[in-house]
1. Could you list 52, 92 in order of exposure, starting from the residue whose Cβ has the fewest other Cβ atoms within 10 Å?
2. Run the quick spin-label model on residue 140 and residue 63: label points 7 Å from Cα toward the beta carbon, then report their separation in nm to one decimal.
3. Distance from the Cα centre of the range 30-66 to that of the range 71-107, in angstrom?
4. With a 10 Å Cβ neighbour count serving as the proxy for reagent exposure, in which order, fewest first, do 129, 69 appear?
5. For a Förster distance of 25 Å, can you work out the FRET efficiency between the beta-carbons of residue 150 and residue 94, rounded to the nearest 0.05?
6. Express the relative contact order of the range 86-170 as a whole percentage, based on alpha carbon pairs under 8 Å and six or more residues apart in sequence.
7. Pull out the extension gain between residue 43 and residue 125, defined as 0.36 nm times the separation in residues minus the alpha carbon to alpha carbon distance; nm, one decimal.
């Protein structure tokens with residue numbers, strides 16, 4: 001028996017950059033266009049979504065209350081909506097810790113952590129072209145050590161390391177963590193510390 005094809009649908013055997021093979025009836029999502037940039041903006045193009053991803057990725061935030069008190073001024077109803085959208089898009093997942101079943105914690109998925117290069121480049125671009133609170137020495141370090149920084153971000157995500165990678169730029173913790181960077185050219189900032197032992201010859 002031959003398979004029926006809905007009117008307007010086309011047979012396809014196409015492999016896309018995402019690795020998805022469409023065989024049979026083409027699946028059509030309701031995006032503004034087929035442009036990858038446009039599709040990404042359909043998911044992340046609002047004011048808040050990337051900030052939530054940032055907080056999960058480098059600030060160590062996990063809970064609704066963490067995001068609510070991040071200093072960005074997001075309303076609770078907007079936050080709830082964005083968390084739901086990010087989860088629906090497969091960028092974050094919600095977990096319930098065994099030690100507190102009433103608590104809900106959020107975590108980036110593999111798809112979510114893949115946004116690390118995007119966040120890093122946005123951070124560098126914003127600091128280079130706008131008036132921000134980011135110290136020049138810190139941006140110089142991040143810009144000169146992209147691969148090391150991204151590897152550390154991914155390690156912390158993989159190992160569930162709770163330490164913040166980058167505190168908020170305006171916080172006292174951030175200023176203290178980076179105070180020595182301008183004085184010592186070879187010092188690694190505390191919030192971007194990579195284990196030196198792993199980079200030394202003979203290290204396993």
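1. Details: 52 26, 92 22.
Starting with the residue having the fewest Cβ neighbours, the order is 92, 52.
2. 4.0 nm
3. Here the answer is 13 Å between Cα centres.
4. Details: 129 8, 69 11.
Starting with the residue having the fewest Cβ neighbours, the order is 129, 69.
5. After rounding to 0.05, the efficiency reads 0.50.
6. For the range 86-170, the relative contact order is 20 percent.
7. Details: separation 82, 0.36 × 82 = 29.52 nm, distance 2.09 nm.
My answer for the length gained is 27.4 nm.
Read-outs: derived from the displayed coordinates by stated rules, not from any lab. Please read these numbers as outputs of a predicted model, since none were measured by experiment. A quick note on method: Cβ atoms are made from the backbone with ideal geometry, for glycine too, and the neighbour counts reach across all protein chains shown.
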